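The values are calculated or read from the model by the stated rules, or taken from the named source; none is laboratory data. From a predicted model like this one, the values you see are computed outputs, not experimental measurements. Positions of Cβ are backbone-derived with ideal geometry, glycine not excepted, and every protein chain shown enters the neighbour counts. Protein only, heavy atoms only, side chains kept; ligands, DNA and RNA dropped before computing areas. Shrake-Rupley method; radii C 1.70, N 1.55, O 1.52, S 1.80 Å.
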Amino acid sequence: MIGVIADDLTGAAELAAIGWRHGLRAEVIRSGQPSGTADLVCVDTDSRACDATEAAKRAAAAAKLLRAAGATWIYKKVDSVLRGNVTAEVEAVMKQLKLERALLLPANPSLGRTIRDGEYFLRGRPLHKTEFGRDPHFPRRSSKVLQLVKVPESFAMRVANGDRTLTDGTIVVGDVESTLDLQDWTANCDEQMLPAGGAEFFNALLTAANGNSKESVARETPAFSGKEFFIAGTSTQAARKFTAAARRNKTPVFSLPQELAWGATFSEAAIEAVSQRVIDGFEDSQRVILNVGLPQVRDKDVAGRFSGHIVRVAERVLRSARIENVFAEGGATAAELVRCMDWPRLEVVRELAPGVATLAVEGDKNFLLTIKPGSYSWPAD
């Protein structure tokens, strides 16, 4: 069994879907024990927004859980643009597994996310000059990789380009500009180091271990049928474009009350009113969208509550109406929804696109949850 530790639900699901693509039975767990039947277990520690001490504690506990469950190797998934408690969690897993070195490759070159000479670029633009520079929770104010993460407490950290030596006591952040770079770095991996990074590094590791023969394994996948409920807890450019296109197609779109942007309380009466409008929207349409729909807010505390507000409405809708398909956008939104609905274990049943995973809820095969990071776009179909 292979283990993955991710700091949010969309990251765990993304890597589980890659495993599914390689022919592995993959599951995502947020609490409890692995089922014992999966080839790949991805643990969501829900620690991106925690303080560093708590994040490290959760990451170490996940590593201990996976090793006790029989994981032959463990991968530490980090955010591709290094948001969250990257170094604290990598160090904690290294200590728990008694490893002296780590290779950190967060770049996803097929998505235009590359690192050159220690500087992060998104489709050729320095990272801090993209929308990630305005992230309400983790603004990327530099494109220098070593300025995007905290200095490790127990290990050295360096950026490596041509020199691909991995020495003990060191976390190496590798330059990656292409898939070939990922393959070259993968060839340097061994059992005495912790592999950490983004989705494409994990895919390269699986390809190296299993060959390409297992990719795109033919299997039955459930078809989407019935009502479709889209829950967008982010205000990224991708989310805004999707919502605007939906409105042009006359798809019902519902947003949070405007006064929440000023920090007002989301009362029970207001939650009930929005929830009922969403439920009523399904009377005339098979697809309904619930989004934030508020102007950008500088107050981090106010903006941080939006995904929670969205989930409170979504939970009430799901407990009041039978909806077969839920599409959740944004890691915090998806994680909060799964927690509120008390879904401890999810199994991958489809990968719609890289980063977009469809999961079956344990005990309810007729209900499908599809999730993706907020910065990714929904597939055109």
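Does segment 75-189 come out rounded, prolate or oblate, given a ≥ b ≥ c as the square roots of the eigenvalues of its C-alpha gyration tensor, rounded meaning a/c under 1.5 and, failing that, prolate meaning a/b above b/c? Please list the in-between numbers first.
On the way: a/c = 1.98, a/b = 1.27, b/c = 1.56.
Oblate, because a/c is 1.5 or more while a/b does not exceed b/c.
Largest GNM mean-square fluctuation across N291, N366, N203, computed for the chain with C-alpha springs under 10 Å, falls on N366. Compute the helix-to-body angle for 237-248: its Cα long axis versus the longest principal axis of the chain, expressed 0 to 90° and rounded to tens. With both axes taken from Cα atoms, the answer is about 30 degrees. Accessible area per residue (1.4 Å probe, heavy atoms of protein chains only) ranks W20, W262 as W262, W20, with the largest value leading. Computed from Cα positions, the angle between helix 306-320 and the longest principal axis of the chain comes to roughly 60 degrees.
Counting only DSSP beta bridges with both residues in the chain, the antiparallel share comes to about 35 percent. Taking Cα centre as origin and charging only the Cβ of basic (Lys, Arg, +1) and acidic (Asp, Glu, -1) residues, the dipole magnitude of the chain rounds to 580 debye. Of the whole protein surface, K372 contributes about 0 Å² of accessible area at a 1.4 Å probe radius. Accessible-area rank, largest first, for E27, E259, E351: E259, E351, E27, with all protein chains present and a 1.4 angstrom probe. Summing +1 for each Lys or Arg and -1 for each Asp or Glu among the other residues whose beta-carbon sits under 14 angstrom from that of V253 gives +3. Across segment 1-123, counting alpha-carbon atoms alone, Rg and Dmax equal 14.2, 43 Å. Just the C-alpha atoms of the chain: what Rg/Rh do they give, with Rh taken as the Kirkwood radius? Across the chain, the Cα-based Rg/Rh ratio is 0.96. Entry note, the chain: relative contact order of 19 percent, from Cα contacts under 8 Å with a spacing of 6+ residues. Remark: the S110-E177 segment gains 23.2 nm on full extension, using 0.36 nm per residue and subtracting the alpha carbon distance.
Annotation for segment 295-323 versus segment 346-381: alpha-carbon center distance of 20 Å.
Computed over segment 225-368, the P(r) tail beyond 20 angstrom holds 47 percent of alpha carbon pairs.
Working from Cα positions, state the angle (0 to 90°, nearest 10) between the long axis of helix 9-21 and the longest principal axis of the chain. Tilt of helix 9-21: around 70 degrees.
Could you rank Y75, Y376 by how accessible they are, 1.4 Å probe, largest area first?
On the way: Y75 0, Y376 20 Å².
These residues rank, largest area first, as Y376, Y75.
Note on R240: accessible area is roughly 140 Å² with a 1.4 Å probe, heavy atoms of protein only.
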